[in-house]
Amino acid sequence: FTGNLATPEGRHFGFELTFFRYALAPATSRQQGASTWRADQVWMAHFAITDTQGKRFVARERLTREALGLAGASVEPLKIWVEDWEVSGESHDDALGVRLAAHDDDIALSLSLESTVPHVAQGDHGLDVKGAGRGNASLYYSVPRLAANGEVSIDGETFDVTGVAWLDREWSTSSLEPGTVGWDWFALRLSDGSNLMFYRLRTTAGDASPYSGGTLVSADRMRTRLEADDVSLTVLDQWTSRATGVRYPVSWRLVVPGSGIELDIEPYLVNQELALSVRYWEGAVH
């Protein structure tokens, strides 16, 4: 889950709450009488807050095994959790209502989310191919607009907020083939009510992979599959992290000529790097 939130006075916050599950072995491999500490799954969660006015970005991590109730997921009731960070709620067809809850020493989030648009099956009916090799694909869907309301806390201050969130759900055995080293990934809600997801896969040579792609869904729910050649993406600015020395693109021009879309994408803050066990830049943009 990612999103943009604001107080009644207009103070902006961005947020991310993402859960990752890694299978260590097939579930059927569990041995009878094995220790209750033994786990076939490892879970990781990332939680971040962008405080635009305060010029602060705070990111935290939880990492644990699926054992002794420390982490896991269930469908009925709907619940995904890593220690005391969790998503819970109800889902039926395209109706999704969930509550997000996460807190750390200096940041906290408590949000209620309700979907306002149907789910979007990415790729070919949900199968999103990212390379030529067998298995270089994922199953992938999005919920681009979820109405959000609740509270954000940072450094002891709590703010009532409303806004809009985006859900991406993706699972695979392997998504990137050899020679593909990263990506620029966008989840954009446009002012005319349309929603745009696009990713450019980057090769070791710095080029865009031909398996880059995305989806444009208009306000009247017309879905357009975007291939690599349908989108022009130009980096306008970069930022180098003092903490890690990594240089990231942070500003772009994205053009979809066939749909009349031309966007300059700017970050609310340039420093939105999650320098955690998995290091990446992900942040609120406008």
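For the chain, the equivalent ellipsoid built from the Cα gyration tensor has semi-axes of 28, 25, 21 Å, listed from largest to smallest. Largest first and in whole Å, the equivalent-ellipsoid semi-axes of the stretch 120-222 read 30, 18, 13, each the square root of five times a Cα gyration tensor eigenvalue. For the stretch 101-169, the spherically averaged projection of the C-alpha convex hull amounts to 6.3 nm². Placing a pseudo-label 7 Å from each Cα along the Cα-to-Cβ vector at Glu9 and Gln53 gives an inter-label distance of 0.4 nm. In loop segments of the stretch 180-286 as defined by DSSP, the trypsin sites (Lys or Arg not before Pro) with at most 10 further C-beta atoms inside 10 Å of their C-beta are Arg242. Over the C-alpha atoms of the stretch 1-114, the Rg to Rh ratio, Rh being the Kirkwood estimate, stands at 1.05.
Reported to the nearest whole Å, the Cα centre-to-centre distance from the stretch 36-89 to the stretch 138-174 is 13. Taking the Cα centre of the chain as reference, the dipole from Cβ charges on Lys and Arg (+1) and Asp and Glu (-1) amounts to some 760 debye. Charging the Cβ of each Asp and Glu at -1 and of each Lys and Arg at +1, and nothing else, the dipole of the stretch 173-252 about its Cα centre rounds to 280 debye. Restriction of the GluC sites (Glu not before Pro) in the stretch 104-196 to DSSP coil positions whose beta-carbon has at most 12 other beta-carbons within 10 angstrom yields no sites. Per residue, the chain exposes an accessible area of 52 Å² to a 1.4 Å probe, with every protein chain left in place. Within the stretch 59-156, the trypsin sites (Lys or Arg not before Pro) that combine a DSSP coil assignment with at most 11 other C-beta atoms in a 10 angstrom radius are Arg134. Couplings 3J(HN,Hα) of the stretch 43-55, computed from phi: 10, 9, 9, 10, 9, 9, 10, 9, 9, 5, 5, x, 6 Hz, in residue order, whole Hz [Karplus 6.51 cos²θ - 1.76 cosθ + 1.60, θ = phi - 60°; x for Gly and Pro]. Using alpha carbons only, what's the Rg to Rh ratio of the stretch 152-286 with Rh from Kirkwood? Radius of gyration relative to Kirkwood radius: 0.98. Carbon-plus-sulfur accessible fraction, the chain (probe radius 1.4 Å, protein heavy atoms only): 49%. Can you tally the net charge around Ser138? Count Lys and Arg as +1, Asp and Glu as -1, for every other residue whose Cβ sits under 13 Å from the Cβ of Ser138. Once all neighbours under 13 Å are counted, the net charge is -3. Across the stretch 48-163, C-alpha contacts under 8 Å between residues 6 or more apart give a mean separation that, scaled by the residue count, equals a relative contact order of 16 percent. Of the residues Val161, Ser91, Ser174, the one whose Cα sits farthest toward the positive end of the charge dipole of the stretch 63-179, with +1 on the Cβ of Lys and Arg and -1 on the Cβ of Asp and Glu, is Ser174. Once Lys and Arg get +1 and Asp and Glu get -1 on their Cβ, which of Leu63, Phe15, Ala73 lies farthest toward the positive end of the dipole of the stretch 1-108? The residue sitting farthest along the positive end of the dipole is Leu63.
The values are calculated or read from the model by the stated rules, or taken from the named source; none is laboratory data. Being a predicted model, the structure only gives us computed values, none of them experimental. In this analysis, Cβ positions are derived from the backbone assuming ideal geometry, glycine residues included, and neighbour counts consider all displayed protein chains. Side chains included, ligands, DNA and RNA excluded: accessible areas come from the protein's heavy atoms. Shrake-Rupley method; radii C 1.70, N 1.55, O 1.52, S 1.80 Å.
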